[in-house]
Amino acid sequence: MKTLGEGEIYMNGDGLGMIVNESGDVCRAPIAWVNQPKFVCYSKPYIIGISQTSIQVYSLLDQQLKQKSGFNDASSAADFNGNVFIVTEEQIYMLLPVPAEEQVERLLDSGNLDQAMALAEETLGNMTRSKSSRLKALRQRAANMYWTRGELEEAFSLFTQTQTPPADIYSLYDTLFRDTTCEISVAGLPEEKRQEYHVFLLQYLSKSGIRTEELNTIEFKLVALTDPDKITDFVKEKRSMDMKSVVSFLKNHGFLYLLGEYYASCGFVQEAVEQWRELEEMKAESRDPRYPGLGCIVSLLLDTNIQAVIMSNVEWLISRDPDKTLNLLISTTAELNNDHILSLLGERPLHIIAFLEELVINRGTEANRYHTQLAQQYLSLLLSPQTSRTRALHIRKKLQAHLLTSDKYAVSLILNKIQGTVLKKELAILYGKLQEHEKALKVLVYDVHDVRSAEEYCREWPSGRKELHLLLLKIYLNCTQPDLRDTLLERAVEFLNDRSSVFNYSEVYKIIPQDWPIALIEPFVYRSLGCQAHHYRTSRIIKGLSELEWARMRADRVSFTKRLVKITSGTYCAFCFHPFSDSNCSVATSGEVYHTQCISQIT
């Protein structure tokens with residue numbers, strides 16, 4: 001029986017050594033002696049058995065034989081302070097243990113990492129500060145060896161215990177720490193195993209909680225290698241990173257789309273666009289599979305709204321996808337060179353019209369040339385034989401609205417282009433813009449035979465509605481075309497009786513035929529009489545109110561002129577603050593007194 005310390009007792013048996021606690025319960029695996037020992041000694045963490053022919057050294061950590069050497073004629077043995085003494089008939093021998101650190105180093109050198117760390121923890125765990133720092137160094141070495149062997153859980157545990165800086169770990173993975181193609185510790189590993197390393201590094205970095213430019217750069221690379229889809233979110237955090245290293249890494253690993261995103265996040269919009277332009281011009285099979293297409297360039301330009309960048313790329317964008325480019329040009333808030341853009345759109349009339357509509361209708365530009373150019377584009381497309389009927393009808397409505405609402409286009413120029421065509425309504429609008437309303441109405445009535453449009457023209461024109469209605473009535477009544485005369489006379493009656501028509505009634509009575517019975521235009525007569533009566537009553541009310549206001553003002557004047565105003569040497573002008581030299585003064589309704597010359601300056 002041998003007391004081992006820490007509540008453990010060794011009990012010798014037949015070929016076996018049992019280790020029990022103070023309660024008699026077995027607390028470790030038994031030791032299977034090679035030769036039954038006569039004497040047993042203890043030198044932490046080893047049990048030394050001395051038999052007739054040998055000395056055997058077993059470790060309590062794993063109950064395995066660690067060393068055996070021949071020795072004869074031992075008569076007794078004992079241990080003291082970790083040293084073992086063996087007595088023969090003639091001599092006394094002392095067995096000195098190899099220093100624990102050296103034992104651990106040997107085990108590490110031989111690759112027995114588990115045994116080495118178990119021995120280190122057992123022998124150096126509660127040592128002095130110097131020993132503790134030595135234990136940390138041994139743990140660090142073992143962690144590096146576990147890492148190299150791919151035993152990442154053990155490496156992670158030891159790295160955490162030693163609080164190893166993340167950069168020291170990344171130095172073991174050269175392709176992440178430096179932008180080279182040489183991988184030191186993981187050379188030749190399959191992709192699946194490399195991914196395990198990447199995940200391990202990310203976990204360790206996350207647990208360390210340290211954030212520096214160097215570590216942010218490395219984390220960016222790890223995320224790119226493990227889950228490239230998360231790079232966009234990572235970039236949005238705008239962490240400080242080594243730009244040169246990141247750019248080199250992304251290029252070397254073929255993350256060209258992510259490189260563009262990184263450029264954009266750093267504010268290098270032109271560089272991002274150039275990078276994506278390279279991808280766009282590559283063959284489809286050679287592109288970065290993450291590249292979503294030209295839309296990412298358009299979105300970036302829209303988000304940044306940098307005029308110089310947009311203008312430097314707009315020609316290329318138009319050549320690649322004019323529709324998406326048009327959306328960019330319409331949606332951006334940047335100040336663009338509109339004339340240059342129109343020249344680039346070239347032979348794309350629909351895109352030119354859309355861009356001009358944005359300028360003229362939505363942005364309300366005052367430039368005459370754009371209003372004129374929009375009208376010309378409408379006309380060109382409308383008169384083109386390639387334009388479908390459906391599109392032509394749609395374009396014509398737009399043309400009519402533009403000619404009617406805009407006053408910035410060159411009317412004479414558009415009029416010259418429309419004359420001689422079938423666009424009679426448009427011709428009438430242009431005559432109206434030139435204040436030639438009679439020509440406009442005659443075109444609608446005599447050429448187009450569309451009296452409803454003529455009447456709408458009168459109602460919708462911005463000013464002079466009464467005069468226009470009277471002019472149209474004269475055209476109805478004085479028709480020189482025999483086949484239209486009766487129809488227009490009937491229309492004239494309907495026009496007069498229509499409640500939406502407004503006239504100068506006294507002028508209408510002068511031109512309507514004297515032989516028309518009153519019953520024919522009875523609604524008009526009643527409406528005119530009612531309007532006249534309303535006008536008479538309204539004018540009487542206004543006159544009465546004016547007379548009342550005049551009487552009130554006269555009464556106020558009388559009351560003010562009769563008011564007594566006292567001027568003394570202490571009275572001062574409310575305007576110039578000087579005293580009065582005579583009695584001439586002006587008095588405000590509020591009672592303030594002014595010099596007569598001062599009141600003229602105020603009024």
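The values are calculated or read from the model by the stated rules, or taken from the named source; none is laboratory data. Everything numeric in this text was worked out from a predicted model, so none of it was measured. So basically every Cβ, Gly included, is an ideal-geometry build from the backbone, and we count neighbours across all protein chains shown. Just so you know, the surface numbers come from the protein's heavy atoms only, side chains and all, with ligands and any DNA or RNA stripped out. Shrake-Rupley method; radii C 1.70, N 1.55, O 1.52, S 1.80 Å.
The set of residues from the stretch 364-397 being surrounded by fewer than 12 Cβ atoms within 10 Å (Cβ to Cβ) and outside any helix (DSSP H, G or I) comprises Gly364, Glu366, Pro385, Gln386, Ser388.
For the stretch 249-263, name all the residues that are among the small types (Gly, Ala, Ser) and either open to solvent by less than 20 Å² (accessible area, probe 1.4 Å) or at pLDDT 90 or above (or both). Spell out how you get there, then give the answer.
Within the stretch 249-263, the first condition is being among the small types (Gly, Ala, Ser), and the residues that meet it are 254, 260.
Within the stretch 249-263, just Gly260 meets the criteria.
Being within 30 Å of Asn504 (Cα to Cα) and either without any contact (Cβ under 8 Å) to a residue 12 or more places away in the chain or open to solvent by 60 Å² or more (accessible area, probe 1.4 Å) (or both) holds for only one residue in Tyr572, Tyr536, and it is Tyr536.
In the stretch 81-93, the residues that are at negative phi form Cβ pairs under 7 Å with partners that are surrounded by fewer than 10 Cβ atoms within 10 Å (Cβ to Cβ) and assigned to a loop (DSSP other than H, G, I, E, B), at six or more places apart or across chains, as follows: Asn83/Leu96. Please specify each residue of the stretch 213-242 satisfying the condition of being in contact (Cβ under 8 Å) with a residue 24 or more places away in the chain, farther than 18 Å from Leu256 by Cα and open to solvent by 30 Å² or more (accessible area, probe 1.4 Å). Within the stretch 213-242, Glu213, Glu214, Lys238, Arg239, Ser240 meet the criteria. Considering the conditions (1) surrounded by 21 or more Cβ atoms within 10 Å (Cβ to Cβ); (2) modelled with pLDDT of 90 or more; (3) not β-branched (Val, Ile, Thr), Glu315 is excluded by exactly one of them, (1). The single residue among Leu484, Leu488, Leu434 that is buried (at least 18 other Cβ atoms within 10 Å of the Cβ) and of a type in the set (A, V, I, L, M) turns out to be Leu488. Taken over the stretch 1-31, the criterion of being aliphatic (A, V, I, L, M) and open to solvent by 60 Å² or more (accessible area, probe 1.4 Å) is satisfied by Met1, Met11, Leu16, Met18, Val26. Please indicate, with yes or no, whether at least one residue in the stretch 322-332 is out of contact with any Cys (no Cβ under 8 Å at 6 or more places or on another chain), farther than 22 Å from Arg369 by Cβ and part of a loop (DSSP other than H, G, I, E, B). So far as the stretch 322-332 goes, no, none of its residues is out of contact with any Cys (no Cβ under 8 Å at 6 or more places or on another chain), farther than 22 Å from Arg369 by Cβ and part of a loop (DSSP other than H, G, I, E, B). Of all residues in the stretch 442-466, none that is farther than 24 Å from Cys531 by Cβ has its Cβ atom under 7 Å from the Cβ atom of a residue that is open to solvent by 80 Å² or more (accessible area, probe 1.4 Å) and β-branched (Val, Ile, Thr), 6 or more apart or on another chain. Restricting attention to the stretch 420-429 and to residues that are free of Cβ contacts under 8 Å to residues at least 24 places away in the same chain and under 19 Å from Tyr457 (Cα atoms), the residue that is surrounded by the fewest Cβ atoms within 10 Å (Cβ to Cβ) turns out to be Val422. If I ask for residues that are among the basic types (Lys, Arg) and surrounded by fewer than 10 Cβ atoms within 10 Å (Cβ to Cβ), which ones from the stretch 510-533 would you list? Result: Lys510, single match.
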